[in-house]
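Asks: One structure, as structure tokens, below. Some questions next.
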Amino acid sequence: MANQQDQSYKSIQVPLSTPLTEEERGAIAGFNEHFHHSDACIVSNGVSLEVRLREMDMNELDRLISNFDKGNNFLLQKISEEVRSIGNFGIRSGKRVFVGYNRERKVKNRAKKEANRGKYYYAKDFSKQNKSFPEAYENKIICGDSLEVLKKLPSNCVDLVFTSPPYNFGLDYADNPDDVNWSAYFDTLFEIFDECIRVLKYGGRIVVNVQPLFSDYIPSHHMISAHFIKRGLIWKGEILWEKNNYNCKYTAWGSWKSPSNPYLKYTWEFLEVFCKGSLKKEGDKENADVLGDDFKKWVYGKWSLAPERSMKEYGHPAMFPESLAKRAMQLFSFQGDLVLDPFVGAGTTAVVAKKTGRRWLGVDISPEYCETAEKRLLSAVDSDYLI
Ligand SMILES: C[S@@+](CC[C@H](N)C(=O)[O-])C[C@H]1O[C@@H](n2cnc3c(N)ncnc32)[C@H](O)[C@@H]1O
């Protein structure tokens with residue numbers, strides 16, 4: 001086996017607390033005989049063992065261990081645990097491959113192939129002339145129909161739209177029906193989203209939290225995404241918000257124990273993320289407030305966060321938690337940015353914007369929810385999340 005400089009094997013160090021016994025030496029010799037030396041071998045220097053690994057059939061390793069008496073297989077058992085604790089490997093012909101498995105996945109001539117594919121939908125020429133957000137609307141909750149309110153804003157003045165629209169589930173909202181005919185629902189929603197696109201800066205982002213109405217077989221998250229793509233926004237990605245709420249314990253199986261029509265259940269919602277014109281957002285690095293450890297976790301597109309628990313307290317039936325808004329804002333916008341929520345409900349987006357040092361505009365059609373949002377904002381402390 002070649003040396004580690006050229007990364008032809010993965011090295012695992014196994015410290016020894018006592019000198020090797022005769023039986024353990026036998027177990028090591030057995031291991032080295034059993035596996036081809038180019039796949040795996042054990043090297044001992046008296047104080048520690050080095051396992052050099054390229055690939056391994058784990059069943060073979062288990063079989064080898066079971067061939068030894070209990071007393072003699074302890075060392076191999078320890079090695080097996082070390083090997084199993086390696087998280088990064090590929091699978092080839094039933095073996096775990098520890099080295100070079102991702103090298104093979106690389107695409108040759110990537111740039112040329114990307115050029116052949118082109119950009120498809122994303123060729124739209126949005127104006128790059130970003131404007132200041134009007135002071136009269138800054139840090140406000142406005143009660144009204146978003147379609148009307150947003151028309152009063154200039155184009156290209158918002159950094160981030162973060163929102164969750166009414167889902168048309170039939171919820172009891174204070175001032176608007178939530179069981180509209182689907183075509184009328186999407187027509188209205190898309191008109192408001194078109195206004196969001198217009199007011200969004202070049203390089204700005206739209207993040208929409210959606211829960212599809214699975215029981216009506218309406219994939220709202222796909223339909224909303226398709227609309228943004230049709231309008232030329234860049235689909236940056238999709239985040240799965242795992243709520244772990246097994247409220248769906250109810251016995252709606254569709255067809256019980258039969259493939260005739262099983263009913264699928266979900267414990268998650270989606271966040272669809274779009275960019276206007278450019279994937280890159282302008283902003284000062286000093287105004288980035290996402291911590292390194294958080295960044296590492298959050299770029300994995302599955303966020304496990306508990307749903308909002310205070311909906312009764314705030315008198316709103318469909319809120320998202322502050323934790324969700326905080327992640328989205330810190331990952332996709334800078335401090336000082338202007339965040340718009342055209343369906344602000346009980347004000348969660350505005351509250352989090354205030355706590356993270358951003359500016360906001362929240363709009364909701366219900367005077368009752370707007371009042372709640374104002375009250376929450378009064379008690380929200382600026383920089384509350386800062387350590
Ligand atoms: C899913 S809720 C948003 C809840 C919010 N994310 C929170 O955490 O409190 C959707 C909100 O949209 C509001 N709404 C519905 N149609 C609207 C419209 N045309 N303009 C403004 N708000 C509207 C509803 O009153 C409702 O509060």
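Asks: Can Gly301 be described as within 12 Å of the ligand (Cβ to nearest atom), open to solvent by less than 50 Å² (accessible area, probe 1.4 Å) and touching a residue at least 40 places away in the same chain (Cβ under 8 Å)?
Replies: No.
Asks: Among the residues of the range 262-299 satisfying the criterion of being at pLDDT 90 or above and of a type in the set (S, T, N, Q), which is farthest from the chain's Cα centre (by Cα)?
Replies: Residue satisfying both the conditions and the ranking: Asn287.
Asks: Could you tell me whether the range 356-366 includes any residue that is away from the ligand (no atom under 15 Å from the Cβ), open to solvent by 40 Å² or more (accessible area, probe 1.4 Å) and touching a residue at least 24 places away in the same chain (Cβ under 8 Å)?
Replies: Yes.
Asks: Same structure again: Given the conditions (1) open to solvent by less than 40 Å² (accessible area, probe 1.4 Å); (2) not assigned by TED's automatic domain parsing to the domain that holds Pro166, report the number of the one that Asp384 does not fulfil.
Replies: In the conditions (1) open to solvent by less than 40 Å² (accessible area, probe 1.4 Å); (2) not assigned by TED's automatic domain parsing to the domain that holds Pro166, Asp384 misses (1) alone.
Condition check ((1) modelled with pLDDT under 90; (2) in contact with a Ser or Thr (Cβ under 6 Å, 6 or more places away or on another chain); (3) open to solvent by less than 60 Å² (accessible area, probe 1.4 Å)) across all residues:
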site	(1), (2), (3)
Ser146	no, no, yes
Asp179	yes, no, no
Pro212	yes, yes, yes
Asp216	yes, no, no
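Asks: Give the range 182-227 a look and list any residue that's under 21 Å from the mean Cα position of the chain (by Cα) and either closer than 20 Å to Glu148 by Cα or of a type in the set (Val, Ile, Thr) (or both), or say none.
Replies: Within the range 182-227, Ile206, Val207, Val208, Val210, Ile224 qualify.
Asks: Then there's this: Within the range 329-348, which residues are touching a Lys or Arg at 6+ places or on another chain (Cβ under 9 Å) and buried (at least 21 other Cβ atoms within 10 Å of the Cβ)?
Replies: Step one: list which residues in the range 329-348 are touching a Lys or Arg at 6+ places or on another chain (Cβ under 9 Å), which gives 329, 332-339, 346-348.
Once the filter is applied, which keeps residues that are touching a Lys or Arg at 6+ places or on another chain (Cβ under 9 Å) and buried (at least 21 other Cβ atoms within 10 Å of the Cβ), the range 329-348 yields Met329, Phe332, Ser333, Phe334, Asp337, Leu338, Val339, Ala346, Gly347, Thr348.
Asks: Further, regarding this structure: Checking Ala226 against (1) out of contact with any strand residue (DSSP E or B) (no Cβ under 9 Å at 6 or more places or on another chain); (2) touching a residue at least 24 places away in the same chain (Cβ under 8 Å); (3) open to solvent by less than 60 Å² (accessible area, probe 1.4 Å), only one condition comes out false. Which one?
Replies: (2)
Asks: Another question, then. Assess whether Leu160 counts as being over 22 Å from the mean Cα position of the chain (by Cα) and under 21 Å from Thr348 (Cα atoms).
Replies: No, not satisfied.
Asks: Filter the range 44-72 down to the residues that are open to solvent by 30 Å² or more (accessible area, probe 1.4 Å) and either at pLDDT below 85 or in contact with a Pro (Cβ under 8 Å, 6 or more places away or on another chain) (or both) and list them by number.
Replies: Asn45, Gly46, Val47, Asn67, Phe68, Asp69, Lys70, Gly71, Asn72
Asks: If I filter the range 241-255 down to residues being open to solvent by less than 50 Å² (accessible area, probe 1.4 Å) and at pLDDT 65 or above, which single residue comes out as farthest from Gln211 (Cα to Cα)? Reasoning before the result, please.
Replies: Narrowing the range 241-255 to residues open to solvent by less than 50 Å² (accessible area, probe 1.4 Å): 241-243, 245, 248, 252, 255.
With at pLDDT 65 or above added as a condition, the list becomes 241-243, 245, 252, 255.
On the way: Trp241: 10, Glu242: 11, Lys243: 11, Asn245: 13, Ala252: 18, Ser255: 23 Å.
Once the filter is applied, the top-ranked residue is Ser255.
The values are calculated or read from the model by the stated rules, or taken from the named source; none is laboratory data. In this text the structure is predicted, and so the values were computed from the model without any measurement. No Cβ is skipped: glycine too gets one built from the backbone with ideal geometry, and neighbour counts run over all protein chains shown. Keep in mind that these areas ignore ligands, DNA and RNA; they rest on the heavy atoms of the full protein, side chains included. Shrake-Rupley method; radii C 1.70, N 1.55, O 1.52, S 1.80 Å.
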